[in-house]
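Here is the structure we will look at, set down as structure tokens.
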């Protein structure tokens with residue numbers, strides 16, 4: 001069961017949209033090896049707007065994921081994004097996952 005998540009939203013610089021999309025596609029390969037991440041979704045929500053949603057069983061998993069991935073995101077942000085990403089730590093009220 002998932003109880004907590006992270007929702008990250010950001011807008012790519014106009015000349016960096018393809019690079020951001022590529023970064024998100026390659027991030028999937030890294031996250032697949034992260035046992036604490038129950039679900040991970042990278043989304044385009046507008047022409048240059050993106051979001052990532054991660055779901056975890058508990059706070060320890062969420063914090064472990066954040067500790068592993070927040071620095072690379074922070075370091076990439078000035079070159080790729082119009083402004084720093086918006087990060088929300090969320091409580092999951094309900095979820096439907098494969099196999100559930």
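With Cα atoms defining each centre, region 1-45 and region 57-80 are spaced 10 Å apart in the structure.
Relative contact order of the chain: 45 percent, from C-alpha pairs under 8 Å at least 6 residues apart in sequence.
Each label point was placed 7 Å from the Cα along the Cα-to-Cβ direction; for residue 28 and residue 83 their separation is 2.9 nm.
The length gained by stretching the chain between residue 90 and residue 3 to full extension, at 0.36 nm per residue less their Cα-Cα distance, is 30.4 nm.
How much FRET efficiency would the formula 1/(1 + (r/R0)^6) give for residue 39 and residue 76, where r is the Cβ-Cβ distance and R0 is 25 Å, rounded to 0.05? Could the numbers behind the result be given before it?
On the way: r = 22 Å, r/R0 = 0.90.
Efficiency, from the Cβ-Cβ distance: 0.65.
Would you mind classifying the chain by shape? Square roots of the alpha carbon gyration tensor eigenvalues, ordered a ≥ b ≥ c; an a/c under 1.5 is rounded, otherwise it is prolate if a/b is larger than b/c and oblate if not. Kindly include the intermediate steps, with their values, before the conclusion.
Details: a/c = 1.90, a/b = 1.75, b/c = 1.09.
Note, shape of the chain comes out prolate.
For region 29-50, the residues whose amide N sits under 20 Å from a probe point set 7 Å from the Cα of residue 21 along the beta carbon direction are 29-30, 41-50.
Just so you know, all these numbers are worked out from the coordinates, no wet-lab data involved. Here the structure is a predicted model, which means the values were calculated and not measured. Backbone-built Cβ (ideal geometry, glycine too); neighbour counts: all protein chains shown.
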